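Trainee: One structure, pasted below without further comment.
Laboratory data are not the source of any read-out in this text; all were calculated from the coordinates shown. Being a predicted model, the structure only gives us computed values, none of them experimental. Virtual Cβ from ideal backbone geometry, glycine too; neighbours counted across all protein chains shown.
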Amino acid sequence: MWKPEERIKFQTSPGSWPSKQEALSSRLFSPIKYNNLSLAHRTWIPAMVPWRATENGEVTDAVVEWYERFAHGKPGALVVEATGVRDIPSGPLLRIGDDRYIEGLKRIVDAVKIASNGHTKIFIQLIDFLNIRRRPTKNKYFNRFLDVTEDHKKTLGDTLMTEKTARAQLVALGDDALEQVLTPREFESYSKGYRERVTDMHLPHVCELPLTLPPLFAEAALRAKEAGFDGVELHYAHAYTMASFLSKLNNRPDEYGGNKESRMRLPLEVFKAVRQTVGDSFTVGCRMLTDDCVAGGSKLEDAVYFAEAFASAGMDFISTSRGGKFEDAAVPKEGQAVYPYTGQSGYECMPHYISDTKGPFGRNAGPVAEVRQALRQKGFNTPIVIAGGIHGFNQAETMLRECSADIIGLARQSLADPDWFEKVRTGCGNEVNVCKYTNYCEGLDQKHKTVTCQLWDRVGIDEEGTPLTRDGKRRLTAPTWNSQD
Ligand SMILES: Cc1cc2nc3c(=O)[nH]c(=O)nc-3n(C[C@H](O)[C@H](O)[C@H](O)COP(=O)(O)O)c2cc1C
C-alpha cells in the first residue's frame, strides 16, 4: 500500500475510557432518529467485505457467524458488506441480484437480530461495479487480447506486415517502446489489466447504464426488504460504478456526465427508483466520498453539492468515506487485478499507522464537518456517518459534540474488537482490544482471502470447536467476551 513520504509512526492511544455512568450520559450512546433512521446509539459498523460467501455469491455459515459476532457487541447499526446488485459471477462476494439469494440473506438478518437482542439495525450495502480483468502476461495480451490495427502496423514501420508479424514484433518490444505504439487504454490493459469505465460510450452496456441500473438497484433493495433488512445503503463511494458517475472524471457526453448536475443525475434516479419500489418507510441512504483524492477527481465542493441533493431527495442518512480509487492504484502483478486501495487515494480511505503529520485518525473529520454544516445551513437534518481511524471514546464523543458528524463508524476497530461498543457502554473500555491500523485485514482483502484480525486470529486455535479458515491457520471470528454486566 502507498504510504506518505513522511513515514511518521503513530500508535493508537484511545485515551481514557468512560465509566458506565459517563457512557450512559454520552452523546455516543444516545439514540438518534431522523425520518426512517432510528438507532438506539450513534454507533455504526461500516461495510467490510470479509470474502466468506460462496463462489456463487451465496451466504455461508461463515458469513452468518461473522455478522452474528459483530451483533454480540451491539452497535447501533451494522452494514453488511458490498453486495452485488447483478447476478453475475464475481467470486466470493455476496450477491442480491436474484430472488434465490433472499433466503440466505435472511439468515444474516435473523442472526443479527437475535445476537443483538433486537438492538442493532441491520442494513445492506448495494453495489454495482464494471468489468475488470486480471493483468495478463505479455504473451497473452499481444497474442490473444490486443486487436491489431493499421495504426499499430504504421507505428511499427510497415503497413503491409501480417497480423502475426505485428504481434511478434509487439511482444519483442520493451515497455517504453510499447507506450509509444499502443493507445493509452491499450497500454493500460496490457500493463494493469483491462478495466471498463462509465465513460466507455462505445460499449452499449455502459452507454445504457442509466437505463439498466435504476431497476437493478430497486429490485435488489426490494429483496433486501423481503429478507428483513432494516434498510439499504447505496454504494456511491470508492472505485465503483455509481461513484464513477459522480466523479469529476466522468466526462460522458450524454446527460449523465460533465457538470455536477449531470453527474448526479443517475445516482438520484437510482435513489428515486429504490424509494418508489421499497416505499416511504424503509431506510434508504448512501455512502459517498467527501473527496475522490485523485487528480482531476471530485473535491469537497462537489461532495457538498451532491449531499445537499441527496438530502433534498429524502435520503435517510449519508455515510461518508474518501478516496479508494482505481486511477492511482498500484500496478498489479501478472495474474492479479488492480486493487483500488493501493494508491494514495486508497490510503485516504483506509489510513495506515505509518502516516504524515495529519496522522491516520479522523482524517475525514474536517471535510465531513463541512458537508454536515452545509446541509444544516440549508435546513436538512440528514444524519451524517463518519469513519476513518476512529477507535477511542473521547475521539468519537468530541466529533459528535463538535458536530463533525451525527453517527460514528468504526470499521477496522470493530473488526479488531466487535465488543468495543458493549465494553465501552458498560464501563469496561479498558478491556478493548485496540486496533493497530497495520492494515493486516486490508492486505487479506486485497488478496481476496478470508478477512480476520491479527489481534485475535491465532488465539485459541487449538481449542476444540473453534471455527478456522480452510488452511486451519486462523480462527474465523473473535473470541467471545464474557461481559460482567
Ligand atoms: C477488510 C475491509 C473491507 C472493506 N469493505 C468495504 C465495503 O465493502 N464497502 C465500503 O464502503 N467500505 C469498505 N471498507 C472500508 C471501510 O468501511 C472503512 O471506510 C475504512 O476501513 C475506514 O474506516 P476505519 O478506519 O474505521 O477502518 C472495507 C475496509 C476493510 C478494512
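Trainee: Suppose a student asked you for the relative contact order of segment 138-191, using Cα pairs under 8 Å spaced at least 6 residues apart; what percent would you report?
Mentor: Dividing the mean separation by the residue count of segment 138-191 yields 40 percent.
Trainee: Further, regarding this structure: Please give me, ordered by residue number, the trypsin sites (Lys or Arg not before Pro) of segment 146-190 that lie in loop per DSSP and have at most 12 other Cβ atoms within 10 Å.
Mentor: Passing both the DSSP loop test and the Cβ count: no residue.
Trainee: A follow-up question, please. Considering the options Asn259, Met350, Phe145, tell which one lies farthest towards the positive end of the dipole of the chain, charges being +1 on Lys and Arg and -1 on Asp and Glu at the Cβ, about the Cα centre.
Mentor: Met350
Trainee: Sticking with this structure for a sec: What dipole magnitude, in Debye to the nearest 20, does the chain give about its Cα centre under +1 on Lys/Arg Cβ and -1 on Asp/Glu Cβ?
Mentor: Here the chain has a charge dipole of around 460 debye.
Trainee: Just need the Rg to Rh number for segment 138-191, please, alpha carbons only, Kirkwood Rh.
Mentor: For segment 138-191, the value is 0.90.
Trainee: If you plug each phi of segment 340-354 into the Karplus form 6.51 cos²θ - 1.76 cosθ + 1.60 with θ = phi - 60°, what whole-Hz ³J(HN,Hα) values come out, in order, with x for Gly and Pro?
Mentor: The phi angles translate into x, 10, 9, x, 4, 5, x, 4, 5, 6, 10, x, 8, 5, 8 Hz.
Trainee: Roughly what angle does helix 102-115 make with the longest principal axis of the chain, taking Cα atoms, 0 to 90 degrees, to the nearest 10?
Mentor: 30 degrees
Trainee: Provide the per-residue ³J(HN,Hα) series for segment 460-470, in order, calculated from phi with Karplus coefficients 6.51, -1.76, 1.60 and θ = phi - 60°, each as a whole number of Hz, with x at glycine and proline positions.
Mentor: x, 6, 8, 5, 4, x, 7, x, 10, 5, 4
Trainee: In whole Å, what are the Cα extents of the chain along the three principal axes, biggest one first?
Mentor: Each principal axis gives a Cα extent; for the chain these are 83, 54, 49 Å.
Trainee: What is the dipole size for segment 394-485, taken about its Cα centre, with +1 at each Lys and Arg Cβ and -1 at each Asp and Glu Cβ, in debye to the nearest 20?
Mentor: 400 debye
Trainee: I'd like to know which of Gly15, Ala111, Leu130 lies farthest towards the positive end of the charge dipole of the chain, counting +1 on Cβ of Lys and Arg and -1 on Cβ of Asp and Glu.
Mentor: Among Gly15, Ala111, Leu130, the one farthest towards the positive end of the dipole of the chain is Gly15.
Trainee: Please compute the alpha carbon radius of gyration of segment 379-471, then divide it by the globular-protein estimate 2.2 N^0.38 Å. Two decimals is fine.
Mentor: Working it through for segment 379-471, the quotient is 1.30.
Trainee: Rank these for me by crowding, Leu156, Leu203, going from fewest to most other beta carbons within 10 Å.
Mentor: Leu203, Leu156
Trainee: Hey, which of these cross-link pairs are over 27 Å Cα-Cα: Lys3/Lys192; Lys33/Lys325; Lys3/Lys449; Lys154/Lys325; Lys20/Lys378; Lys192/Lys248?
Mentor: Cα-Cα > 27 Å for Lys33/Lys325; Lys154/Lys325; Lys20/Lys378; rest within.
Trainee: If you don't mind, another one. Give the long-range amide H neighbours of Thr83: residues separated by 5 or more places, or on another chain, with amide H under 5 Å away, using H modelled in the peptide plane at 1.01 Å from N.
Mentor: Sorted by chain and number, the residues that satisfy this are Gln125, Leu126, Ile127.
Trainee: Could I ask something else about it? When DSSP assigns beta bridges and you keep just the ones with both residues in segment 77-225, what percent turn out antiparallel, to the nearest 5?
Mentor: 10 percent
Trainee: While we're on this one: When the helices in the chain are scored as -39500 (n - 2.57) per DSSP H run of 4 or longer and the sum is shared across all residues, what 222 nm value do you end up with, to the nearest 500 deg cm²/dmol?
Mentor: About -10000 deg cm²/dmol.
Trainee: Long-range amide H contacts for Trp44: which residues qualify at under 5 Å (H placed 1.01 Å from N, peptide plane, sequence gap of 5 or more or a different chain)?
Mentor: Hits under the 5 Å cutoff: Gly76, Ala77, Ile408, Leu410.
Trainee: Just name one of Leu156, Cys441, Ala243: the one whose Cα is farthest towards the positive end of the charge dipole of the chain (beta-carbon charges, Lys/Arg +1, Asp/Glu -1).
Mentor: Cys441
Trainee: Sticking with this structure for a sec: Under 5 Å between amide H atoms, partner at least 5 residues away or on a different chain: which partners does Ser38 have, H built in plane at 1.01 Å?
Mentor: Close amide H contacts, sequence-distant or interchain: none at all.
Trainee: Give the separation of the Cα centroids, segment 319-338 to segment 189-204, in Å.
Mentor: The two parts, judged by their Cα centres, are 15 Å apart.
Trainee: Enumerate by residue number the trypsin sites (Lys or Arg not before Pro) in segment 406-485 meeting two conditions: DSSP loop (anything except H, G, I, E, B), and at most 14 other Cβ atoms within 10 Å of the site's Cβ.
Mentor: For trypsin sites (Lys or Arg not before Pro) across segment 406-485 that sit outside H, G, I, E and B with at most 14 neighbouring Cβ atoms in 10 Å, the list reads Lys447, Arg458, Arg470, Lys473.
Trainee: What longest range of the chain stays clear of loop-exposed GluC sites (Glu not before Pro) (DSSP non-H/G/I/E/B, at most 14 other C-beta within 10 angstrom)?
Mentor: 56-207
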